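K.L.:
Okay, handing you the structure first.
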Amino acid sequence: MTDHPILEVENLCTTFSRGDTALPAVRDVSFSLGKGQVQGLVGESGSGKSVTLRSILGLARHYGEVRGSVRWQGQELTTMTERQLRKIRGREIAMIFQEPMTSLNPLLTVGTQLTETLKAHTDLGRKARRDRAIEMLDHVGIPAAASRLGEYPHQFSGGMRQRVMIAIALAASPKLLLADEPTTALDVTIQAQILDLILKLADEMSMGVVLVTHDLGVVAQTCDTVAVMYAGRVVEQGYVRQVLRTPRHPYTEGLMRSVPQDVPPRTQLYSVPGTPPSLFSLPDGCAFAPRCQAASEACGSARPMLQDIAPGRQTACFHPLPATQDDAA
Amino acid sequence: MTQTVMKIEDLHLSFPVSRTLLDVVQRKPGKSVNALNGVSLELKQGETLGVVGESGCGKSTLARCIVRLYPPTSGQIHFDDQDIFGAQARKDRTYNRRVQMMFQDPYSSLNPRMTTGDILAEALRVHEMRPEAEIAPRIAELLDLVRLPQDAAEKLPHEFSGGQRQRIAIARALAVEPEVLIADELVSALDVSVQAQVVNLLLELQERLHLTILFVAHDLRLVRHVSNRVAVIYLGRIVEIGDSETLFSAPSHPYSQALLSAAPSLDPDDKGAAIQLEGELPSPLNVPPGCPFHVRCRHVTDQCRKVIPELRALEGRGEVACHHAEEINQHA
Amino acid sequence: MTDSTVTTVKASKVAPSRVQLALRKPGFMIGVIIIGFSTLLAVFPSFFAPYDPNFIDYLAVRQAPSWAHPFGTDMLGRDALSRVIHAYSVNMQMAVLATVFALTIGVVVGALVGYYRGVADMIFGRVVDAIITFPFLVLVIAVVAVLGPGLINMYIAITVVGWVYYARLMRAEVIAQMGNDYASAGIVMGYSDRRIIFRHLLPNAITPVIVYWMTDMALAILLGSSLGYLGLGAQPPQAEWGVLIAEGRNFITTAWWLSLMPGIAIVITGLGFSLIGDGLADLLRPRG
Ligand SMILES: Nc1ncnc2c1ncn2[C@@H]1O[C@H](COP(=O)(O)OP(=O)(O)OP(=O)(O)O)[C@@H](O)[C@H]1O
Ligand SMILES: Nc1ncnc2c1ncn2[C@@H]1O[C@H](COP(=O)(O)OP(=O)(O)O)[C@@H](O)[C@H]1O
Ligand code: SF4
Ligand code: SF4
Ligand SMILES: [Mg+2]
Ligand SMILES: [Mg+2]
């Protein structure tokens, strides 16, 4: 998919145990990402998006079992020791979490939190760190940055705090940003500003981004490629244009259709029937089969593998929806 | 169809901010959050009025005022020609039956220790909706209405998913056969496909039971889909109100224009000419004088900084609160 | 509508019941066994005690522990074991009577001021401030001093001071629960205040109060026996652990077991209540 991928995830599987049952939170997730590329990860709540991000960064292995391979610029991350990982986390790979309000320490000033990150990951001196902190706040669009270094998180609004989080994440000029729903808690107007900012930085610093979201509009506007997850597996992935325009997997199509756009007002919306399966009791065949209108007998007994169906385009379905000429592009 | 069921007039509400000891020592005057600054609107029989705006603009406060959870600082709400905050009406619990509210968080709006059956039975009993013998069959009917399986009655809230909990909340509201439903971010906490199910249910029930709905949400696409009319709120004031399709296809107020253009399109090639709003919502602690939007508006003039624009009808559009609405919309 | 296949989300395994969960907690079970046995001793002391606790035998004064008298005998030749066992009646009664009234008053007052706030809450705040600035024991002794020594007066004294702690806890918990929309929903549904407070808020708010109650019962026994020791609570010849310790005090070098055994009984019972309290904190939490 990319010429020189910086991140290659292969057959990533993460399992949690609840009592004496195993919970397959993530199964066989594979994708790769080039410099300056933005990869989207979409799916319903509980489909494994956050766990995928946490597994990439080696956080999930503390409370679950992670298998498969994550290669970062050629190095295998899954077998690294904590000490080795620490050198990569924050410096080369940064992460923004889902809850912006709780990820900043309320007792430390914004300036302290920024310079601490710089101290941990760079060799800058005290003065240089301060300058860099101001530069970063400026970069993420916080006005009068120098005077706000001494303020505490509660003195910032929600959008501002998320910008501070981004400033901290990007302080050490990472090559990869893992962003878990960075704008879900924010208004559309601020969401637009934050996404613009991430895109601009990805471009300027040629930084790769993995963006988790459940908003298909956000995917359309910011990502180059996208993977759609269902019950812990990727069911479809490819270039955003192709996947959103001509979804080939019935689940992707269902997701697209349930967004109220271009439907007559006040009419019934399409909705995927039923509810996602419990990870404790996944169906034997295709996990989507109980909700799928195209399901055949084969779907109930065997699991469809993720397969190439067009250049750069994969889907896991025995009966993919028809392609259109658009797909060839 | 166009009979007015509820009339809100010049509603103001400010929450006093508790003063710190330092403030008291320094003799700073007590501050207050001005959540609503003169909201007037009418709800018409059988319509859905959508309410949109950035977080903190006063949407929930308005909703909670309507169901008397907050008493307003000034202004009135008339329902059936009766002032709902009047002494007479306060004693009367029928208002609470006729106007129902559904809440945003499906995990906190149901008592975790009561089964679905208990929750519905309580509503039916308190308002004496049915004689004792008919309560059980009515619960079955309500579960059917919101498409929950019959065995749901014996289950506790934690055994349901978010979407199902919102259905229970809808069933509870419908149990007392209300005329008006206030839905504050009813589906915001749900996934798109579940959202669609709950919205469908709401639309269908509205048709069947002739309900009037105030639909508060920040998802613009969804509001456009369900509403007949839409009100755009900014800093506790309505800046534009009008027919949903007209407003969404051609917003007239500079704030509505910016807000609507910020919603990301589903089409990857439609990068849109998003109108970037400068800065953020000013704090409701000190609402700017004149037009509340003037600090972020591209069309600001001196007049805007001094005079508060009133809501006024704009030809071919809805009502807009902007001094320069005509000029701005000429070019469009 | 397309969804006809709504199913409740549930793990394939049936969730364990509360009793099953309780059985899996060894600490909690030990607590239950201690308090269960203590209650048996308290209700049927004569069944377990080998002798009449008040039978005086001048020929067997201050004997060391032996097979006939496992805890020895006191200065009047009474069997120490029988006295410790009979004291269970008084001391367990203390755990209950010195706390239930405080619990009831505190829960009701706390729920009311937490729900209504306003002036009542401000007055309550002042009362709380006034009472908790004094050490608990000092205040209780002061009240006993006014009313005169004795068990009943001691219960009154502990209740007069103790309800404040329950009320304070309950008030905070009710205010926290008010932040949940189910409380707002009750108001919007037009339910009466009484229904909202007692049917909705109280069952959800009471867990920490129940947990505190367990520790408070342990404290009540400690406090009651302290007062007994000081001569302000139970009066001799009543067999009560504090009184027993006081009686043995003069012979601490020669007949140390007289004071030690009732002391051990206090520690074990207190431990039992605390273990139950810890377990309940988990078990009473609503699921989900
Ligand atoms: N620490 C954990 N221990 C056990 N199970 C977990 C843990 N974290 C997540 N899970 C489970 O793994 C599955 C995937 O969770 P994940 O957080 O990745 O979902 P998500 O796609 O990010 O959803 P959302 O959109 O709600 O954030 C869920 O079933 C979740 O309950
Ligand atoms: N109970 C309250 N006490 C103090 N301030 C409040 C309270 N409820 C809301 N506010 C404030 O009033 C303003 C409007 O809030 P709200 O109506 O909840 O906004 P919205 O629902 O539009 O996001 C905000 O500034 C908010 O912080
Ligand atoms: S494999 Fe079968 S059940 Fe699964 S999505 Fe494809 S058609 Fe539907
Ligand atoms: S009144 Fe002036 S500042 Fe306000 S929206 Fe209109 S043009 Fe902008
Ligand atoms: Mg997540
Ligand atoms: Mg709100």
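The values are calculated or read from the model by the stated rules, or taken from the named source; none is laboratory data. Note that the structure is predicted; figures quoted are calculated from it, not measured. In this analysis, Cβ positions are derived from the backbone assuming ideal geometry, glycine residues included, and neighbour counts consider all displayed protein chains. Each accessible area value is taken on the protein alone, full model and side chains, heavy atoms only, with ligands, DNA and RNA left out. Shrake-Rupley method; radii C 1.70, N 1.55, O 1.52, S 1.80 Å.
K.L.:
Hey, could you check segment B:112-131 for residues that are small (Gly, Ala, Ser) and more than 11 Å from chain C (Cβ to nearest Cβ) and say which is farthest from C:Thr207 (Cα to Cα)?
P.N.:
B:Ala121
Residue-wise test of (1) among the aliphatic types (A, V, I, L, M); (2) closer than 30 Å to C:Leu283 by Cβ.
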| site | (1), (2) |
| --- | --- |
| C:Leu97 | yes, yes |
| C:Val160 | yes, no |
| C:Ala176 | yes, yes |
| C:Asn204 | no, yes |
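K.L.:
Continuing with this model, one more query. Considering segment A:265-282 alone, what residues qualify as being open to solvent by 30 Å² or more (accessible area, probe 1.4 Å) and among the aliphatic types (A, V, I, L, M)?
P.N.:
First, pick out the residues of segment A:265-282 that are open to solvent by 30 Å² or more (accessible area, probe 1.4 Å): A:265-268, A:270, A:275-282.
Correct list: A:Leu279, A:Leu282.
K.L.:
Are there helices (runs of 4 or more DSSP H) fully within segment C:51-157 with at least 2 residues that are open to solvent by 40 Å² or more (accessible area, probe 1.4 Å) and of a type in the set (Ser, Thr, Tyr)? List them. Lay out the reasoning, then the answer.
P.N.:
Working: elements: C:80-116, C:118-132, C:136-147.
The qualifying helices (runs of 4 or more DSSP H) are C:80-116.
K.L.:
Does at least one position in segment A:187-196 carry a residue that is away from ligand 5 (no atom under 16 Å from the Cβ), acidic (Asp, Glu) and outside any strand (DSSP E or B)? Reasoning before the result, please.
P.N.:
Going residue by residue through segment A:187-196, those that are away from ligand 5 (no atom under 16 Å from the Cβ) are A:187-196.
Those still in the list that are acidic (Asp, Glu) too: A:187, A:196.
Those still in the list that are outside any strand (DSSP E or B) too: A:187, A:196.
The answer is yes, given that some residue of segment A:187-196 is away from ligand 5 (no atom under 16 Å from the Cβ), acidic (Asp, Glu) and outside any strand (DSSP E or B).
K.L.:
Okay, next question. Do we find a residue being part of a loop (DSSP other than H, G, I, E, B), within 16 Å of ligand 2 (Cβ to nearest atom), open to solvent by 30 Å² or more (accessible area, probe 1.4 Å) and not basic (Lys, Arg) anywhere in segment A:93-107? Outline the logic, then answer.
P.N.:
Applying the first criterion (part of a loop (DSSP other than H, G, I, E, B)) to segment A:93-107 yields A:97-107.
Now narrow it down to the ones that are within 16 Å of ligand 2 (Cβ to nearest atom): A:101.
Checking the rest, the ones that are also open to solvent by 30 Å² or more (accessible area, probe 1.4 Å) come to A:101.
Still in the list and also not basic (Lys, Arg): A:101.
Scanning segment A:93-107 turns up at least one residue that is part of a loop (DSSP other than H, G, I, E, B), within 16 Å of ligand 2 (Cβ to nearest atom), open to solvent by 30 Å² or more (accessible area, probe 1.4 Å) and not basic (Lys, Arg).
K.L.:
Between a residue in segment A:144-159 that is closer than 14 Å to A:Ser103 by Cβ and any residue that is surrounded by fewer than 13 Cβ atoms within 10 Å (Cβ to Cβ), which pairs come within a Cβ distance under 6 Å, given they are 6 or more apart or on different chains?
P.N.:
A:Pro153/A:Pro106
K.L.:
How many residues are out of contact with any Asp or Glu (no Cβ under 9 Å at 6 or more places or on another chain), within 14 Å of chain B (Cβ to nearest Cβ) and among the aromatic types (Phe, Trp, Tyr) if we restrict to segment C:155-203?
P.N.:
2
K.L.:
Please work out if A:Ser30 is in contact with an Asp or Glu (Cβ under 7 Å, 6 or more places away or on another chain), among the hydroxyl-bearing types (Ser, Thr, Tyr) and either within 18 Å of A:Pro276 (Cβ to Cβ) or more than 15 Å from ligand 1 (Cβ to nearest atom) (or both). Show your work before the answer.
P.N.:
Working: in contact with an Asp or Glu (Cβ under 7 Å, 6 or more places away or on another chain): yes; among the hydroxyl-bearing types (Ser, Thr, Tyr): yes; either within 18 Å of A:Pro276 (Cβ to Cβ) or more than 15 Å from ligand 1 (Cβ to nearest atom) (or both): yes.
Judged against the criteria, A:Ser30 is a match.
K.L.:
Within segment A:238-246, is even one residue in contact with a His (Cβ under 9 Å, 6 or more places away or on another chain), open to solvent by 30 Å² or more (accessible area, probe 1.4 Å) and either more than 16 Å from ligand 6 (Cβ to nearest atom) or assigned by TED's automatic domain parsing to the domain that holds A:Phe97 (or both)?
P.N.:
No - not one qualifying residue is present in segment A:238-246.
K.L.:
Given the criterion assigned to a helix (DSSP H, G or I) and farther than 25 Å from C:Val100 by Cβ, identify the matching residue among C:Ile252, C:Ile245. Spell out the reasoning first.
P.N.:
On the way: C:Ile252 fails: assigned to a helix (DSSP H, G or I).
The conditions single out C:Ile245.
K.L.:
I'm trying to understand the selection: among the residues of segment A:192-214, which are buried (at least 22 other Cβ atoms within 10 Å of the Cβ) and within 16 Å of ligand 1 (Cβ to nearest atom)?
P.N.:
Within segment A:192-214, A:Val210, A:Leu211, A:Val212, A:Thr213 meet the criteria.
K.L.:
Also, I was wondering about something else. Tell me, please, whether a residue that is facing chain C (nearest Cβ under 7 Å), among the hydroxyl-bearing types (Ser, Thr, Tyr) and farther than 30 Å from A:Glu253 by Cα can be found in segment B:161-172.
P.N.:
Looking through segment B:161-172, none of the residues is facing chain C (nearest Cβ under 7 Å), among the hydroxyl-bearing types (Ser, Thr, Tyr) and farther than 30 Å from A:Glu253 by Cα.
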